[in-house]
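Please treat every number below as a calculation from the coordinates, not as lab data. Model, not experiment: these values are computed from the prediction. Glycine gets a Cβ as well: all are built from the backbone with ideal geometry, and neighbour counts include every protein chain shown.
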Amino acid sequence: MNPSMRLLAALALVCAHALAPASAAPRDWPDALSARMQRIKDARVVRLGYRDSAIPFSFVGADGRPVGYSLDLCQAIVATLAQDLGVPALRPEYVRVTALDRIERVASGAVDLECGSTTITRERSERVAFSPVIFVTGTRLAVPRGSAVRGVTDLAGRRVAVVGGTTNEAAMREFDRLRRLGVTFVVAGDYRDALAVLAEGKADALAADEALLRGLLAETGGARDFRVVGPMFSFEPYGIMVPRGEPALADAAERTLRALAESREIVWTYDRWFTRSLPGGRSVDMPMSVELRRSFELLGLPPD
C-alpha cells in the first residue's frame, strides 16, 4: 500500500464514528437535559475554548476578538444548539485555553466546545469526546532560510523548539529517542513564543503541524525569514473537543458538520481561512488536501 493509501486508510479509521446515517433532527436525547445543557439553555451562553495563536484555526485578531476556521465551525454548532433547545439564540462566551490545559478545561466543565487545533488521539478520547474530523495535517519543521536542515534526520545535536503539551512535541521526542539524535528541546507556551525562540537563534528548528507553521508565518510575515522543510513525520487529524457524557452536545456538533458538508458550506469556510487573505492581509495558501476532502465526503460533501 502506497503512502497516500495508508494515510487515507488511517483517516477512514479515525472517521469511522461519522459513518452512521445522517439525521436532520436531534437523535434520541434523554428525557431530561443534563446539568450542562440546562445551564446552556437557562444562561443562553455556550463557552467556547479558543487558542490565541493557532493560526488560522483559532487566534486573536487585530481587534482583540477570537477568530478562525475552528471558531467559525463552533459558531455554527452554537446555532444548531439554539434550535435544539428551542431558544432564539445562544451567546458564545470565549474562554482562552492553552495546549497544556485545553483537555482539562473541557473535562472539568469550564469549556463546552474547544475550538482550536486539537489532534484526535485514543489517549485524549479517554477524557473527552471529539467531533468528526475538521482538518488533516502532520508535523513538519520551520527553519531559518539558509539553514542546512532539510528534514528531521538533520537535527542530530541541534535545538528544536516545540509547544508543550502538543502531539508534535510527543512525535519529535519519540523520533529523537528512536534515532538517538541527541536533540535539545526548547519548550514554549504557544506558537508565537516558539517562533520567537527560533527568530532569536535559541533553536535551530521549530516542530509543529504544517498548517500551523504556514498560518503563523503568513500572519506574522515570517515567511520572509523562515521556510517549512522536510516530509511530515506524524499524522494529525483535528476535531472539536466536546465533553464526554454529553450526547446532545456531541450530536449537535456532528449534525452541524454534516449539514455544512452536504451544503458545501464547509468548503467555503475552509477557503476563507486557508486560500484567501487572513485579517493581516497574507494567505496561508493551502488548498484542501485529498485526505481532508475525503473526510468531508464521509460526512456528505458531494464529489466534484
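If you count the DSSP beta bridges with both ends in segment 139-229, what percent of them are antiparallel, to the nearest 5? Display every interim value, and only then the final one.
Details: 8 of 15 bridges.
Within segment 139-229, antiparallel bridges account for around 55 percent of the total.
For Arg276, Arg96, the sequence from fewest to most other C-beta atoms within 10 Å is Arg276, Arg96. Quick check: Cα centre of segment 35-87 to Cα centre of segment 280-301, how many Å? Segment 35-87 and segment 280-301 have Cα centres spaced 21 Å from each other.
If I take R0 = 22 Å and measure r between the Cβ atoms of Ala62 and Ser289 in this structure, what FRET efficiency does the formula 1/(1 + (r/R0)^6) give, to the nearest 0.05?
0.15
Residue exposure proxy: Ser125, Ser234, ordered by other Cβ atoms within 10 angstrom of their Cβ from fewest to most, comes out as Ser125, Ser234.
When the chymotrypsin sites (Phe, Trp or Tyr not before Pro) in segment 160-205 are filtered for DSSP coil states and for at most 15 other beta-carbon atoms within 10 Å of their beta-carbon, no site remains. Each of Phe59, Phe235, Phe226 was scored by other Cβ atoms within 10 Å of its Cβ. Listed from fewest to most, they are Phe235, Phe226, Phe59. Across segment 139-229, the relative contact order, built from alpha-carbon pairs under 8 Å that are at least six residues apart, equals 45 percent.
Within the chain, which DSSP H helices have Cα atoms that stretch 20 Å or more along the helix axis and a mean Kyte-Doolittle hydropathy of at least 0.5? Before the final figure, lay out the partial values.
Numbers: long enough: 69-85 (25 Å, 0.88); 247-262 (22 Å, 0.02).
Sorted by number, the helices that extend far enough and score high enough are 69-85.
Each Lys and Arg contributes +1 and each Asp and Glu -1, all at the Cβ; summed about the Cα centre of the chain, the dipole is approximately 560 debye.
Annotation: amide H of Ala208 within the under-5 Å range of Arg140, Ala142, sequence separation 5 or more or interchain, hydrogens built in the peptide plane.
Measuring nothing but how far apart in sequence close Cα pairs (under 8 Å, 6+ apart) lie, relative to its length, the chain scores a relative contact order of 25 percent.
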